[in-house]
Amino acid sequence: MTRFLLLPLAFCIAMFIPMAGVAQTFRFELYDTDGIPAKNYAERRARVVESMSENSIIIVEAADVRNRQNDVDYEYRQDSDLLYLTGFPYPKATLLLSKKGISIGPKLFHAVLFVRPRVESVEQWTGVQMGTEEAMRYLHIDTVLNNDQLSDVLKSVLHDERSSSPNQTSADTIFIARLPTPTVSMPLLEKNLSVSSELRRGLSEKFPGVVLRTGIPKLAAMRMVKDQDELELLQRAVDISIEGHLATIRGAKPGMKEYELEALMEYTFKKLGAEDVGYPSIVGSSYNACILHYNTNRRSTQKNELVLADCGAEFRGYTADITRTFPISGKFTSDQRTIYNIVKEAQDSGIAACVVGATFRAPHNAAMSVVAKRLIKLGIITEKTDAKKYFMHGTSHYLGLDVHDPGTNGALEENVVITVEPGIYIAEGSDCDKRWWNIGVRIEDDILITSGKPVNMSEKLPRSADEIEQLMAQP
Ligand SMILES: [Mn+2]
């Protein structure tokens with residue numbers, strides 16, 4: 001008899017609990033914090049808001065969940081701008097910024113974050129992410145709303161009710177970081193579908209007079225200069241990457257597949273707490289070392305070949321970017337060493353050029369000039385301008401949340417981190433003596449610009465040919 005009574009009761013409770021809004025079954029846990037205090041994020045938002053014009057709004061959207069195949073998605077990585085302004089690492093979120101303020105109820109807010117509400121049936125499949133409550137608690141954002149409210153709030157901002165008052169107008173400019181995937185090609189259609197022009201058209205129909213602009217003002221300049229908390233995270237990413245490179249170089253033996261070397265690298269990254277790589281690992285042997293972004297990593301190495309490993313761990317969103325080139329047999333051949341030493345010398349002069357006030361191109365110019373001079377001396381080229389044939393990329397890029405981080409390309413400033421990565425790549429069939437063919441060398445370190453000398457954040461990783469050989473000679 002009790003059973004009869006209990007069953008319907010259990011049913012009623014089960015039905016009733018979700019409706020009553022009782023806490024979800026799945027627990028939210030913040031496993032890793034990035035160590036950046038919530039107030040820093042608030043200050044960053046305030047600085048962006050400060051630089052805005054009165055009648056503009058900024059919309060920063062979470063990165064999309066990207067589909068790998070069928071019902072499997074790629075592992076999620078947040079949009080770096082949103083990460084930089086909120087620390088919110090989950091999909092389906094939007095940050096809205098306004099200088100004039102966004103009315104929510106009786107109050108005005110300069111920053112409102114919209115997030116996916118917590119839904120038990122979704123969490124059952126894809127795990128628990130911060131909802132409004134957790135975002136407010138952990139990220140200290142004043143206003144966090146469910147993302148189904150975004151549309152109404154945007155409409156109210158673009159058709160401001162307060163605009164009836166003479167000195168209030170609604171927003172007339174929307175800034176977004178970038179337009180969505182520019183074109184989609186469809187068979188049977190002669191023209192590609194352009195998502196961005198559709199977006200612009202739809203927007204101007206709905207909100208005549210509203211201009212959509214790409215590039216969030218001030219943000220690139222802000223992200224370019226790192227604060228102390230960011231530098232600590234970046235140093236952790238660099239330190240982890242150094243260990244990965246050490247393990248790879250120490251473990252390298254002729255006959256190993258490129259992917260085995262990649263595995264040593266990435267095993268070490270993950271073991272030391274990196275959540276991901278900052279970009280697909282590049283491990284190229286012999287002629288594959290001459291392909292700048294080679295990441296197939298399937299070839300078998302053979303004795304006396306060079307291996308180029310360009311790999312960086314991502315730690316709490318920040319990525320290192322380090323390249324070492326080493327002889328798989330533990331000893332450089334004489335010709336390999338000759339080219340290696342030129343790249344090393346070019347890198348040294350590039351690093352020396354990393355000083356406050358120097359132009360962004362200064363390290364590149366310094367490195368390129370060494371490469372040109374030395375290749376002429378070896379008879380590989382005859383004209384300085386031909387150095388570009390063998391050193392065909394820039395020497396430096398900014399580094400931070402993105403491996404190619406945004407920046408102004410202006411004069412170098414204190415607390416800016418850039419890579420210095422000259423290279424020489426002599427592919428088979430190049431117009432020079434055959435003896436140089438299939439030699440590909442790049443050396444890359446992460447350099448912090450300071451008020452004094454440049455600081456090589458990846459200095460602990462052996463760099464000279466002798467040091468690399470010594471490292472490989474250790475049992
Ligand atoms: Mn790089």
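Every number in this text was worked out from the coordinates using simple rules, so none of it is lab data. Every value quoted in this text rests on a predicted model; they were computed, and no experiment measured them. Here Cβ is always computed from backbone atoms with ideal geometry, including for glycine, and neighbour counts include all displayed protein chains.
Once the Cβ-Cβ distance of Val195 and Gln69 is raised to the sixth power relative to R0 = 30 Å, the FRET efficiency obtained is 0.90.
Using R₀ = 51 Å, calculate the FRET efficiency as 1/(1 + (r/R₀)^6) where r is the Cβ-Cβ separation of Tyr138 and Val356; round to 0.05. Rounded to the nearest 0.05, the efficiency is 0.90.
The residue among Asn146, Ala93, Val112 whose Cα reaches farthest toward the positive pole of the charge dipole of region 21-178, with charges on the beta-carbon of Lys, Arg, Asp and Glu, is Val112. Centre-to-centre separation between the Cα atoms of region 80-120 and those of region 274-319: 37 Å. Farthest towards the positive end of the charge dipole of region 221-473, among the residues Leu308, Ala372, Ile242, is the Cα of Ala372, using unit charges on the Cβ of Lys, Arg, Asp and Glu. Applying Stokes-Einstein at 20 °C and 1.002 mPa s to the Kirkwood radius of the chain, computed over alpha-carbon pairs, gives a translational diffusion coefficient of 84 µm² s⁻¹. For Lys218, the lysines whose Cα comes closer than 30 Å to its Cα, not counting residues fewer than 8 places off in the same chain, are Lys39, Lys92, Lys99, Lys100, Lys107, Lys155, Lys206, Lys226, Lys453.
Extension gain, Leu30-Thr333: 0.36 nm per intervening residue step, less the Cα-Cα distance, totals 104.0 nm.
Helical runs (DSSP H, four residues minimum) scored at -39500 (n - 2.57) apiece and divided by the length of the chain put the mean residue ellipticity at 222 nm at -11000 deg cm²/dmol.
Taking the Cα atoms of region 80-180, the ratio Rg/Rh between the radius of gyration and the Kirkwood radius comes to 1.01.
Can you pull out the GluC sites (Glu not before Pro) in region 330-424 whose DSSP state is coil and whose Cβ has at most 11 other Cβ atoms within 10 Å? Working shown, then result.
Numbers: sites: Glu345, Glu383, Glu413, Glu414; in loops: Glu383, Glu413, Glu414.
Here the sparse-neighbourhood loop sites are Glu383.
The distance between label points at Glu459 and His404 comes to 3.0 nm (points 7 Å beyond Cα on the Cα→Cβ vector).
When the label point is put 7 Å from the Cα of Trp125 along its Cα-to-beta-carbon vector, which residues of region 52-66 have a backbone N closer than 19 Å? The answer is 64-66, whose backbone nitrogens lie closer than 19 Å to the label point. Rg and Dmax, both from the Cα atoms of region 221-473 and both in Å, are 17.2, 50.
For the chain, what does the relative contact order come out to in percent, with C-alpha contacts under 8 Å and a separation of six or more?
Numbers: 916 pairs, mean separation 55.2, N = 475.
The normalised contact order for the chain reaches 12 percent.
Here the gap between Ser185 and Glu345, fully extended at 0.36 nm per residue and compared with their Cα-Cα distance, gives a gain of 52.9 nm.
For the chain, with only Lys/Arg (+1) and Asp/Glu (-1) charged at the beta-carbon, what is the dipole magnitude about the Cα centre, in debye rounded to 20? It would help to have the intermediate numbers written out before the result.
Numbers: 54 positive and 62 negative charges, 105 e Å.
Roughly 500 debye for the chain.
Straight-line cross-link partners of Lys257 among the lysines, defined as a Cα under 19 Å from its Cα and at least 8 positions apart when in the same chain: Lys303, Lys331.
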